[in-house]
Amino acid sequence: MAPHLLRRLDAVAKALDMDRSEALRTAVARWLEEEERNAACRDRVLKVRATSGAASRIA
């Protein structure tokens, strides 16, 4: 991990009264949740596009 990111992580951990490993675990868990939401949204958009394309060909 880049040194500037570790400094930011340490600052956040200190502000929240956490140790670095706990802050890192929390940050990774939050990032994974965000990625899962993005993937689900992307899948919905692709499904709508595929359905819309098929509907326009039928009509």
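Here are a few things to note about the model shown:
- For the range 17-38, the tally of residues that are touching an Asp or Glu at 6+ places or on another chain (Cβ under 9 Å) and among the aliphatic types (A, V, I, L, M) stands at 1.
- The condition of being open to solvent by 100 Å² or more (accessible area, probe 1.4 Å) and more than 15 Å from the chain's Cα centre (by Cα) holds for only one of Arg25, Arg20, Arg37, Arg42, that being Arg20.
- Residue count for the range 1-17, restricted to those that are open to solvent by less than 100 Å² (accessible area, probe 1.4 Å), part of a loop (DSSP other than H, G, I, E, B) and in contact with a helix residue (DSSP H, G or I) (Cβ under 9 Å, 6 or more places away or on another chain): 0
- Condition met for Ala59 (modelled with pLDDT under 90 and surrounded by fewer than 10 Cβ atoms within 10 Å (Cβ to Cβ)): yes
The values are calculated or read from the model by the stated rules, or taken from the named source; none is laboratory data. Nothing here was measured: the structure is a model prediction, and the numbers come from that model. Cβ coordinates were reconstructed from backbone atoms using ideal geometry, including for glycine residues, and neighbour counts include every protein chain displayed. The accessibility values were calculated without ligands, DNA or RNA, using every heavy atom of the protein model including side chains. Shrake-Rupley method; radii C 1.70, N 1.55, O 1.52, S 1.80 Å.
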